[in-house]
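The values are calculated or read from the model by the stated rules, or taken from the named source; none is laboratory data. Here the structure is a predicted model, which is why all the values come from computation and not from measurement. A quick note on method: Cβ atoms are made from the backbone with ideal geometry, for glycine too, and the neighbour counts reach across all protein chains shown. The area values use the complete protein model at the heavy-atom level, side chains included, leaving out ligands, DNA and RNA. Shrake-Rupley method; radii C 1.70, N 1.55, O 1.52, S 1.80 Å.
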Amino acid sequence: MDALITTVKDNDLVVAFALVGLVMGVAVLISKFLTRGKFQASAIAIILGLVLAYVGGVATGGEDGLADISLFSGIGLMGGGMLINLAIVATGFGASFDEMKKSGLGGIIALVLGVVLSFVIGAVIAWFFGYRDPIDLTTIGAGTATYIVGPVTGAALGAGSGVIALSVGAGLVKSVLTMVITPFVAKYIGLNNPRSAIVFGGLLGTTSGVTAGLAATDKRLVPYGAMTSTFYTGLGLLMAPSVLFFAVKALVG
């Protein structure tokens, strides 16, 4: 047993991939036999992953979920920024440039509108909860855009750690809701072709939520949503600490 545990610890990244594969296998079975295919396996896998992360965090009192358990430390590397960004870029390369061109002005408008609309919604909600400092409002609004834009904006503006954590939480809620709800609303909003996926990714922006939601809807649409949602993150990082911050500062003083 000691030799087995040592081997597992020495091959933590392999164990992480095996665990993810196991979770996906369980999710497929749940989707097939319990929901009769009405609830996509990818969405179920995401929920199971969140539950495992919560259990790991509670069990260890740490901050990285299952990665705080030594046997599963490889999950921290597997789910880190390096592999996530690699996966996003690799997915984007699956998009057809001809289809991208078809989005035209609509894709650009969706990007700008998506960033601004999410930001405004987050800032307005923060205002109603008593936040008045332009830095706090901007940080929370940026987090509502995505949980990546929020902390980067907060760090750039000098926001407090509590506000930065709140911005991350807002972005995570948006991401999870996008993952879970997308398959159910796809047919009602015409999310069934590359052009609509491009606009969808531009409007919502949360790359993890958009890609997972599209994967649960139609895997062929994933590269298109991933492409614009990645641009969304970059645009948010440019706009939130600068243009949007000065706009908030001008409005609230």
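Taking (1) open to solvent by less than 40 Å² (accessible area, probe 1.4 Å); (2) over 18 Å from the mean Cα position of the chain (by Cα); (3) basic (Lys, Arg) in turn, Lys174 satisfies each apart from (2).
Residues in region 69-100 that are in a helix (DSSP H, G or I) and either open to solvent by 60 Å² or more (accessible area, probe 1.4 Å) or at pLDDT 75 or above (or both): 16 in all. Of all residues assigned to region 120-131, at least one qualifies as being exposed (fewer than 14 other Cβ atoms within 10 Å of the Cβ), aromatic (Phe, Trp, Tyr) and modelled with pLDDT of 90 or more. Picking from Val51, Val58, which residue would you name as being modelled with pLDDT of 80 or more, over 26 Å from Thr207 (Cβ atoms) and open to solvent by 50 Å² or more (accessible area, probe 1.4 Å)? Step by step, each of Val51, Val58 is checked, and only Val58 is modelled with pLDDT of 80 or more, over 26 Å from Thr207 (Cβ atoms) and open to solvent by 50 Å² or more (accessible area, probe 1.4 Å).
Among the candidates Leu66, Leu22, single out the residue that is farther than 19 Å from Thr178 by Cα and either surrounded by fewer than 16 Cβ atoms within 10 Å (Cβ to Cβ) or modelled with pLDDT of 80 or more (or both). The conditions single out Leu22. Within region 241-250, is there a residue that is β-branched (Val, Ile, Thr), farther than 16 Å from Ile135 by Cβ and open to solvent by 20 Å² or more (accessible area, probe 1.4 Å)? No, every residue in region 241-250 fails to be β-branched (Val, Ile, Thr), farther than 16 Å from Ile135 by Cβ and open to solvent by 20 Å² or more (accessible area, probe 1.4 Å).
Yes/no matrix, rows are residues, columns are (1) more than 30 Å from Gly37 (Cβ to Cβ); (2) assigned to a helix (DSSP H, G or I):
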residue	(1), (2)
Arg132	yes, no
Leu137	yes, yes
Gly141	yes, yes
Val168	yes, yes
Val180	no, yes
Ala216	no, yes
Arg220	no, yes
Tyr224	no, yes
Thr233	yes, yes
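The C-beta contact set for region 238-253 (first residue in contact (Cβ under 8 Å) with a residue 24 or more places away in the chain, second residue assigned to a loop (DSSP other than H, G, I, E, B) and open to solvent by less than 80 Å² (accessible area, probe 1.4 Å), distance under 9 angstrom, 6+ apart or interchain) comprises Val252/Asp133. Is it fair to say Ser103 is modelled with pLDDT of 80 or more and crowded, with 17+ Cβ neighbours inside 10 Å? So Ser103 fails the test.
Checking region 216-228 against the condition returns a match, with at least one residue being of a type in the set (Val, Ile, Thr) and under 30 Å from Lys249 (Cβ atoms). Here the condition is being over 13 Å from the mean Cα position of the chain (by Cα) and free of Cβ contacts under 8 Å to residues at least 12 places away in the same chain; of Ala155, Ala216, Ala142, it holds for Ala155 alone. For region 137-171, the set of residues classified as more than 22 Å from Gly201 (Cα to Cα) and open to solvent by 30 Å² or more (accessible area, probe 1.4 Å) consists of Ala155, Ala156, Leu157, Gly158, Gly160, Ser161, Gly162, Ile164, Ala165, Leu166, listed by residue number.
Evaluate region 186-206: report whether one residue or more is part of a helix (DSSP H, G or I) and modelled with pLDDT under 85. The answer is no; no qualifying residue exists.
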